[in-house]
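Notes to accompany the following structure.
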Amino acid sequence: MVPPSNRTEMIIIGSGITAAAVAWSYLEECRRSNAWHSIIVLESRDLCGGASSRNGGHMKIIPHEQFSELRRSHGEERAAAIIRFQLSHIKRMMELCDARGWDMAECRKVVTVDYFLTDEEREEAFAKVEIVQKYIPELEYTKFSAQEARKKFHVNKHVKGALSYVAGVIHPYRFTTCVWDELLRKYKYYLFIKTHTTVLNVVAPKGRPYAFQVIVDQIESRTFECNHVVHATNAFATQFVPGLRGKLTGIPGTVSMMKPGKLFNESDHMESWSIFYGHAHDYAVQRPAVDGVQGDVILGGGFSRSEGQGASMLGAGGWETLMQWSGIMALTGDKLPFVGRLHPDLTGRRPAVSEMMHPNHRPGEWICAGYNGDGLMLAWLCGIALGIMVAEREHVDRPKIAGRPEGPLRSWFPPEFLPTGKRVRKTTFKNLGRRFFWALLSKRYVEPYPDNDSLDSSIYDEPILPMFG
Ligand SMILES: Cc1cc2nc3c(=O)[nH]c(=O)nc-3n(C[C@H](O)[C@H](O)[C@H](O)COP(=O)(O)OP(=O)(O)OC[C@H]3O[C@@H](n4cnc5c(N)ncnc54)[C@H](O)[C@@H]3O)c2cc1C
């Protein structure tokens, strides 16, 4: 629907899962408080045309790894709270899909299995599991020795052990578009989406009734005016937030979709898999079967390996590569997302409207971005939190509804994600560089397939994973 006016309370730049969550939450808060405001969504490409339609659908974090990193910077208690927040995405998104009957989103809980290719990596992961379970006792793990892993998962001799725990899988494009579809029906007078509309600039001119002008066409000076600008552009967020340059950046990712070979060990689409290569890992999930035909396997990563180990292995062993694609994810210097109000020092713009004109709604710019490749375990609830913040209803004790936690915001949202001045000043990519350097020094960077066997035989004759049969 065409917006009736170019003036609105809120403009969301981007239309991925973050933007959908912000709109869902903000309009829900408007409904609850009976204070109605409109939103215009401006999207460069097709609806949900960014990373939210290009990702592998794996709702997975590696809790023991994450805990080990987060406890150093935030302490055990906060590390546990952040991990619980991330893991709660599986429950919240599943309950929303169940409540709405969005079966097409294929949202489900799975058992995820990590395969280790060295004894050292297995032992290191097992030790970290012991620690995380002390602080998050509800986390259930099963450890497998090399022999047990071979027996249980039919993997080859290169696998030196495995770990299984909880994760989820979703069809992210369908989930996001289901949300937009519901919102457009429910709030048809308050939500307007303009696709193929690239935002070129955001300015805060003085003497206007609205705080910001969002310019989408410089030649014709086509602008929209609003009191709130939400930057839901993930990897592209620094375009209009110069203060976050060097703190948030984009990195490419790749995914392929494959029809599994005959020897594929059926998982009934209730498992997912990751192979660890020392400094990185690849993952695979399987879509549900249709009419008795096995679901396609989505393989995340796999392109970055060297000759004979990367893209060239896709499609081997009776597998058929159906599609390959890429997209841009966002990395932050401290590996946490930025969620909250942006200080004018970060945007270079100060909203000109006096607070007298908007006693209940202090105008401003907001960000919800930087998920470090784990967007499906962050974007939904971060977006929900941001919608509540923009509506200035953080302290309201919310009732339980499908898709978001109950209670006031502080009871479930990690304040570590706020883009505070102190955090932004400290955040730098030098930390990541340093971490990688120390990992190299401590020989944690291992060559894939350390047995030194020819890769061709390891992949083609004797599959590492059941999926390469
Ligand atoms: C290849 C790949 C695989 C991934 N796999 C996984 C996975 O398995 N599990 C997981 O948890 N995460 C994964 N991710 C990360 C996940 O997809 C993202 O974290 C998540 O989708 C981010 O959602 P978003 O809505 O914030 O951003 P996006 O979906 O990227 O939306 C941002 C939107 O902003 C629009 N935009 C940008 N600039 C402008 C502008 N100037 N004007 C108008 N519009 C603009 C873009 O067109 C885009 O549509 C993967 C990412 C990629 C790229």
With 5 Å bins from zero, work out the P(r) of segment 363-414 over every alpha carbon pair and list the percent per bin. 5, 19, 29, 24, 15, 8, 1
For segment 142-263, what is the convex hull volume of the alpha-carbon atoms per residue, in Å³? 237 Å³
Under the √(5λ) rule applied to the eigenvalues of the Cα gyration tensor, what semi-axes describe the equivalent ellipsoid of segment 20-149? Give them in Å, descending. 36, 19, 15
Virtual spin-label span in nm between ASP291 and ARG32, 7 Å along Cα→Cβ: 4.5 nm
According to a simple spin-label model (label point 7 Å from Cα along Cα-to-Cβ), what is the distance in nm between LYS186 and HIS343? 3.6 nm
Using per-residue counts of other Cβ atoms within 10 Å, averaged over each peptide, order 330-337, 13-20, 143-150 from highest down. 13-20, 330-337, 143-150
Highest to lowest packing among 23-36, 160-173, scored as the average C-beta count within 10 Å: 160-173, 23-36
Modelled label reach - TYR135, point 7 Å along Cα→Cβ, segment 79-116 residues with backbone N closer than 15 Å: 79-87
Sorted by accessible area with a 1.4 angstrom probe, largest first, how do LEU263, LEU191, LEU418 fall? LEU263, LEU418, LEU191
For LYS152 and ARG208, extending 7 Å from Cα along the Cα-Cβ vector and measuring point to point gives, in nm, a value of 5.9 nm
Please give the FRET efficiency for ARG92 paired with SER145, using the beta carbon to beta carbon distance and R0 = 35 Å, rounded to the nearest 0.05. 0.50
Rounded to the nearest Å, what's the spacing between the alpha carbon centres of segment 1-46 and segment 371-423? Just the number, please. 17 Å
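The values are calculated or read from the model by the stated rules, or taken from the named source; none is laboratory data. Please read these numbers as outputs of a predicted model, since none were measured by experiment. Glycine gets a Cβ as well: all are built from the backbone with ideal geometry, and neighbour counts include every protein chain shown. Surface areas here come from the heavy atoms of the whole protein model, side chains and all, with no ligands, DNA or RNA. Shrake-Rupley method; radii C 1.70, N 1.55, O 1.52, S 1.80 Å.
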